[in-house]
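Enquirer: Could you have a look at this structure, given as structure tokens, before my questions?
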2 protein chains.
Amino acid sequence: MESAARRIPVMELFGPTVQGEGMVIGRKTMFVRTAGCDYSCAWCDSAFTWDGTGKEEIRLMTARDIYAELRAIGGDTFDHVTVSGGNPALLPQLAELVDLLRGQGVTIALETQGSRWQDWFWQIDELTLSPKPPSSRMSTDWVILDSIVGNLLERKRRFSLKIVIFDDADLLYAAEVHERYPDVPFYVQSGNDRLRETDPGRLLPYLLDRYRWLVECVIAHERLKRAHVLPQLHTWLWGNKKGV
Amino acid sequence: MESAARRIPVMELFGPTVQGEGMVIGRKTMFVRTAGCDYSCAWCDSAFTWDGTGKEEIRLMTARDIYAELRAIGGDTFDHVTVSGGNPALLPQLAELVDLLRGQGVTIALETQGSRWQDWFWQIDELTLSPKPPSSRMSTDWVILDSIVGNLLERKRRFSLKIVIFDDADLLYAAEVHERYPDVPFYVQSGNDRLRETDPGRLLPYLLDRYRWLVECVIAHERLKRAHVLPQLHTWLWGNKKGV
């Protein structure tokens, strides 16, 4: 008898689409969104993964189930998968999906806040650590984050730091993170606090203003030299719609 | 007597701003735009660098002049410079600017169509080769492009290919380039053919539609698997304004 495959709590599978943010912005990819988070950020854009509102949609799937469904919906159009959450770093059993995807020649990106380590981080091609600034009302465990960044730097993995910014206190936090880890590619992203706006045409000018504000802040900032400043392209294209 | 420093024809110096496109999209940077081009693309967004309309603005500057002016306008807010044109690869004397910037700890990005080789390409941190698709009415010299790509791959430089796309014939050209150089990070960018639109508010919905069209094309395309699909963020923010 085969050993039982461990199941992964999956909230959404979709694509192909393009990655809307961060270090691989624009990359054609499929998305796997896992359920469950150790954080509860004030402005989380995927709160349905952890606040109970999405619990009916969670499916417990094996790595094989997930890969089969990605091929069923994406056909032969993709060679890249992005894993997001929730916090996928809560799930040791993701190792099985990571192994399976790599065996199929698929490149893997993953996003997590940097509150937990998993050994399968070594196998992620493009890892984004996104510690949360004060506006989230979460607090950063610097000891853990230091150790995760240290592990990744030591093995020369391709990874980045990304901070979502809403206000001046967040900018200050971003500058601290940037100076604490000066050798890590660094991204700031304008936040979206109009998560209930259902009209993309009304959302866009607001998001554009928020991005312009952040660009102007970073341009003038002597402590944010090596920064990349990016929006969330998917919200510009599709508003707050899920599954794109 | 010092040997005479060779002069570089400079069209624009500006910044700090953020890079609006390609492999280092979002990166805080200063811009140096050189004058002169061996191409005359039908839709060039910087035709003033080669069509005579900007000739009064061209300044012949030494590398030291350029660096001094970058510091005068950017102060201590930057550590990255982007060189664009025109085609900066026409200028062997750019070697002096590249050496000077590297000596100051400044990271350098450069964009060229891939029609000429310069030995100083080895010193560019982020080189974008942007061969031009059929809509440009230019034709690609594949022998030269093969040799440039080969040189860069051999020394494992960080570089990318970027194709600006206006129509289906351009998409086909992009797929050919992607398959010819499968190991090179690959970007497609939606083109802007409304270069005379002076109202950013009228330009934006058009650019968004063109980007959405390109995203949808690439999503469905089996030959464009590893692509990144990006807009020109600066045109979304500032329209067709120069110097940002």
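Enquirer: Restricting attention to region B:153-172, which residues are surrounded by 20 or more Cβ atoms within 10 Å (Cβ to Cβ) and more than 27 Å from B:Arg212 (Cβ to Cβ)?
Expert: Of everything in region B:153-172, just one residue is surrounded by 20 or more Cβ atoms within 10 Å (Cβ to Cβ) and more than 27 Å from B:Arg212 (Cβ to Cβ), namely B:Phe159.
Enquirer: Keeping to region B:229-244, report how many residues are outside any loop (DSSP other than H, G, I, E, B), in contact with a strand residue (DSSP E or B) (Cβ under 6 Å, 6 or more places away or on another chain) and in contact (Cβ under 8 Å) with a residue 60 or more places away in the chain.
Expert: So the answer is 1.
Enquirer: Select from region A:24-39 the residues that are touching a Gly at 6+ places or on another chain (Cβ under 9 Å) and facing chain B (nearest Cβ under 7 Å) and list them in ascending order.
Expert: A:Ile25, A:Gly26, A:Lys28
Enquirer: Could I ask something else about it? Determine whether region B:4-12 contains at least one residue that is within 14 Å of chain A (Cβ to nearest Cβ), closer than 30 Å to A:Leu230 by Cα and either touching a residue at least 60 places away in the same chain (Cβ under 8 Å) or open to solvent by less than 20 Å² (accessible area, probe 1.4 Å) (or both).
Expert: no
Enquirer: When residues of region B:58-90 are filtered for being over 23 Å from B:Glu21 (Cα atoms) and either surrounded by 15 or more Cβ atoms within 10 Å (Cβ to Cβ) or within 14 Å of chain A (Cβ to nearest Cβ) (or both), how many remain?
Expert: Going through region B:58-90 one residue at a time, the tally reaches 12.
Enquirer: Within region B:217-244, count every residue that is of a type in the set (Val, Ile, Thr) and either surrounded by fewer than 16 Cβ atoms within 10 Å (Cβ to Cβ) or more than 9 Å from chain A (Cβ to nearest Cβ) (or both).
Expert: Going through region B:217-244 one residue at a time, the tally reaches 2.
Enquirer: Regarding B:Val177, is this residue more than 10 Å from chain A (Cβ to nearest Cβ), open to solvent by 10 Å² or more (accessible area, probe 1.4 Å) and touching a residue at least 12 places away in the same chain (Cβ under 8 Å)?
Expert: no
Enquirer: Kindly provide the set of residues from region A:156-200 that are part of a loop (DSSP other than H, G, I, E, B) and either within 21 Å of A:Glu111 (Cβ to Cβ) or in contact with an Asp or Glu (Cβ under 6 Å, 6 or more places away or on another chain) (or both), ordered by number.
Expert: Our first condition is that a residue be part of a loop (DSSP other than H, G, I, E, B); within region A:156-200, this holds for A:156-158, A:166-167, A:181-185, A:191-199.
Within region A:156-200, A:Lys156, A:Arg157, A:Arg158, A:Phe166, A:Tyr181, A:Asp183, A:Val184, A:Pro185, A:Gly191, A:Asn192, A:Asp193, A:Leu195 qualify.
Enquirer: For the structure I just gave you, tell me whether B:Tyr206 is aromatic (Phe, Trp, Tyr), within 9 Å of chain A (Cβ to nearest Cβ) and either out of contact with any strand residue (DSSP E or B) (no Cβ under 7 Å at 6 or more places or on another chain) or not in a helix (DSSP H, G or I) (or both).
Expert: no
Enquirer: Let me ask something else. Looking at (1) touching a residue at least 24 places away in the same chain (Cβ under 8 Å); (2) within 11 Å of chain B (Cβ to nearest Cβ); (3) open to solvent by 30 Å² or more (accessible area, probe 1.4 Å), can you tell me which one A:Leu214 breaks?
Expert: With respect to (1) touching a residue at least 24 places away in the same chain (Cβ under 8 Å); (2) within 11 Å of chain B (Cβ to nearest Cβ); (3) open to solvent by 30 Å² or more (accessible area, probe 1.4 Å), A:Leu214 is out only on (3).
Enquirer: Tell me which strands (runs of 3 or more DSSP E) are completely within region A:1-117 and hold 1 or more residues being β-branched (Val, Ile, Thr), or say none if there are none.
Expert: A:8-18, A:28-34, A:80-84, A:107-112
Enquirer: With respect to B:Tyr187, is the statement that it is of a type outside the set (A, V, I, L, M), open to solvent by less than 10 Å² (accessible area, probe 1.4 Å) and closer than 21 Å to A:Gly15 by Cβ true?
Expert: Numbers: of a type outside the set (A, V, I, L, M): yes; open to solvent by less than 10 Å² (accessible area, probe 1.4 Å): no; closer than 21 Å to A:Gly15 by Cβ: yes.
The answer is no for B:Tyr187.
Enquirer: Now, a different point. Could you list, in sequence order, all residues of region A:136-153 that are under 15 Å from A:Tyr39 (Cβ atoms) and of a type in the set (Ser, Thr, Tyr)?
Expert: Within region A:136-153, A:Ser136, A:Ser139, A:Thr140 meet the criteria.
The values are calculated or read from the model by the stated rules, or taken from the named source; none is laboratory data. Here the structure is a predicted model, which is why all the values come from computation and not from measurement. All Cβ positions, glycine included, derive from the backbone under ideal geometry; neighbour counts span all protein chains shown. These accessible areas exclude ligands, DNA and RNA; they are computed on the full protein's heavy atoms, side chains included. Shrake-Rupley method; radii C 1.70, N 1.55, O 1.52, S 1.80 Å.
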